[in-house]
Amino acid sequence: MPQWIRACATGDVEEEDLIRFDHGGATYAIYHSPEGRFYATAGLCTHENVHLCDGLVMGHLIECPKHNGQFDYRTGAAKRAPVCVDLRTYPVKVDGSDVFIEVP
Amino acid sequence: MARREYSLLGPDGARAVETGLAAAEWYHTDVPRKVMKELMQRSDQPAIRDTILLYGCMVGFAAGGIALWGTWWCVPFWLAYGVLYGSASDSRWHECGHGTAFKTAWMNNAVYEIASFMIMRNSATWRWSHARHHTDTYIVGRDPEIAIMRPPAFVKLIGSFFGIPEVIDFFPRMIRNSLSGPTAEERTFVPQSEWGKVQRVALIYTAIYAATLAAAIGMQSILPLMVVGLPRIYGAWHHVMTGVLQHGGLADNVIDHRLNSRTVYMNPVSRFVYWNMNYHVEHHMFPMVPYHALPRLHEAIKHDLPAPNRSIVEAFAEMWPALRRQLAYEDYFLRRDLPAGAKPYREDFHRAALGDMPDALPAE
Ligand code: FES
């Protein structure tokens, strides 16, 4: 049953950056886009199990810190080799200064 | 330890997977996120400047070589052209393959494709082999880019300074790839979705070499081959000289780049040709940092790394005797001291590799 859970405060993630959020044995990445929106994806790269939180956000791309594979974090689409498999994304809502994600 | 089996299809690779040595979590020096973000920032400007300089010099040297062809005066022009073609292409291939040299993706891709052709690496295959090199750096049976295997094959190594083993390997492989896509070994690290691309790239390379050869035959001269193809041989020495220092004589089967990679201070010309990959521990630890920011990264983390070698000569003086020792004693490697205050090497992670250390060495 999907549920909304609080992931962080809006001020916890700088613009054009991301943080890691762990919940229920799973790991997620929460993004703050350059235009101020929030997004959430799976926290691990689909190429190998590397945490994306150490990567670099450039515009709407997250670049993985291990082999520089890239995803569009808004859609999860794989954008640059060596990643070929899309990243799972999760719905996000902002309530006041809190960021919530809907997890399965 | 038993003899190392470097084949990607062999038992050492399978053992690395079983024991968790493959695809492991590697040691990283702590760097505040704010500093790291700043170091990772991309920019087109340094790489555009360097690329104009590189290709401009290549055109100039080739023009000089052609104009003076038939006289001894052409030799220095070809030697300079050769190093830019047969060595600078290696570092451009590398940095643009990571996608960090330029900020703009198409610029990385364009320079990557040109450099791959010049260095005689199938651009589709090698993107993946290099990813594996970063996942499993010097893990025997997993890393397809181990330059110096143990015991070191000195004849092959010396031949590499003239590109001989690589060229001998490249052309039959290019034909095989053209006819049937990646080989069985290549299929272990190239995803199936890319097999068609490997074949297409090989066909393009084959067509270019065939056209160059036809021009040489038509002109009854090796001049076209001096421009395309042969510089991979007569200009390879610089990238081999710098490349063997990356990991030569150091540990294998460890998951701390401070144990298996080497940083060497180099002169500005070599750093231009090599695009700052002399900061090799730094590059492996943080592959997201572009070449132009590596000196700054070095400053930020050098307190946690073994002291760098101060010159190419000093690094060779350190590495060469270690390689010679590995001839007699395959498990030997150089273990460099860490500075006071650095995080110690995790002996528990590396027991298999570090267990029988140089103390147990037989006398030379
Ligand atoms: S682990 Fe992310 S690109 Fe390889």
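The values are calculated or read from the model by the stated rules, or taken from the named source; none is laboratory data. Everything numeric in this text was worked out from a predicted model, so none of it was measured. Methodologically, a virtual Cβ is constructed for each residue, glycine included, from the backbone with ideal geometry; neighbour enumeration extends over all protein chains shown. Just so you know, the surface numbers come from the protein's heavy atoms only, side chains and all, with ligands and any DNA or RNA stripped out. Shrake-Rupley method; radii C 1.70, N 1.55, O 1.52, S 1.80 Å.
Give me the distance in nm between label points sitting 7 Å out from Cα along the Cα-to-Cβ direction at residue B:311 and residue B:104, one decimal.
If labels sit at residue B:311 and residue B:104, their model points lie 4.1 nm apart.
Can you pull the one-decimal nm distance between simple spin-label points at residue B:193 and residue B:38, each 7 Å off the Cα toward Cβ?
3.7 nm
What span do the alpha-carbon atoms of region B:223-342 cover on each of the three principal axes, reported in whole Å from largest to smallest?
Its Cα atoms span 56, 40, 24 Å along the three principal axes.
Each residue of region B:101-111 in turn: what ³J(HN,Hα) in whole Hz from Karplus with 6.51, -1.76, 1.60 and θ = phi - 60°, glycine and Pro shown as x?
These are the phi-based 3J(HN,Hα) values: 5, 10, 7, 8, 4, 5, 5, 4, 5, 5, 5 Hz.
Tell me, what are the semi-axes, in whole angstrom and largest first, of the equivalent ellipsoid of chain B as set by the roots of 5 times the Cα gyration tensor eigenvalues?
34, 24, 21
Once amide H atoms are placed 1.01 Å from N in the peptide plane, what residues at a sequence separation of 5 or more from residue B:263, or on another chain, have their amide H within under 5 Å of its amide H?
Close amide H contacts, sequence-distant or interchain: B:280, B:281, B:309.
What list of ³J(HN,Hα) couplings, whole Hz, do you get for region B:293-303 from phi and the Karplus terms 6.51, -1.76, 1.60, once you set θ to phi - 60° and write x for glycine and proline?
Result, ordered by residue: 9, 5, x, 6, 4, 4, 4, 6, 10, 5, 5 Hz.
About the Cα centre of region B:11-353, how large is the charge dipole given +1 on each Lys and Arg Cβ and -1 on each Asp and Glu Cβ? Please answer in debye to the nearest 20.
400 debye
Please list the three semi-axes, largest first and in whole Å, of the ellipsoid equivalent to region B:1-86, using sqrt of 5 times the eigenvalues of its alpha carbon gyration tensor.
Each semi-axis is the square root of five times an eigenvalue, giving 44, 28, 9 Å.
Under a 5 Å amide H to amide H cut-off, with H placed in plane at 1.01 Å, what residues pair with residue A:8 once short-range neighbours are removed?
Here the answer is A:99, since their amide H atoms fall under 5 Å of that of residue A:8.
Kindly sort B:25, A:102, B:282, A:35 by accessible area of their heavy atoms, largest first, with the probe set to 1.4 Å.
Largest accessible area first, the residues go B:25, A:35, A:102, B:282.
Grab the beta carbon distance between residue A:97 and residue A:35, set R0 = 22 Å, and tell me the FRET efficiency rounded to 0.05.
0.80
Other chains' Cβ within 10 Å of A:62-74 residues: what's the mean?
That average works out to 4.
Give a residue-ordered list of calculated ³J(HN,Hα) values for region B:156-165 (Karplus: 6.51 cos²θ - 1.76 cosθ + 1.60, θ = phi - 60°; whole Hz; x for Gly, Pro).
My calculation for region B:156-165 gives 5, 4, 5, x, 5, 4, 10, x, 5, x Hz in order.
Which semi-axis lengths, in whole Å and largest first, follow from the square roots of five times the eigenvalues of the Cα gyration tensor of chain A?
21, 15, 11
Using a simple spin-label model with points 7 Å from Cα along the Cα→Cβ vector, what separation in nm is obtained for residue B:222 and residue A:26?
Placing both labels 7 Å beyond Cα along the Cβ direction yields 6.3 nm.
Within straight cross-link reach of residue A:79, meaning Cα distance under 24 Å, which lysines are found once same-chain residues fewer than 8 apart are removed?
A:66, B:37, B:103, B:197
List for region B:18-47: residues with 40 Å² or greater reduction in accessible area, all protein chains versus chain alone, probe 1.4 Å?
Going by heavy-atom accessible area, the residues of region B:18-47 that drop by at least 40 Å² are B:33, B:37, B:42.
Which value, in square angstrom to the nearest 100, describes the accessible area buried between chains B and A on both sides, using a 1.4 angstrom probe?
Summing both sides, the interface buries roughly 1600 Å².
When N counts the residues of the protein assembly as shown, how does its alpha-carbon radius of gyration compare numerically with 2.2 N^0.38 Å, as a ratio?
1.03
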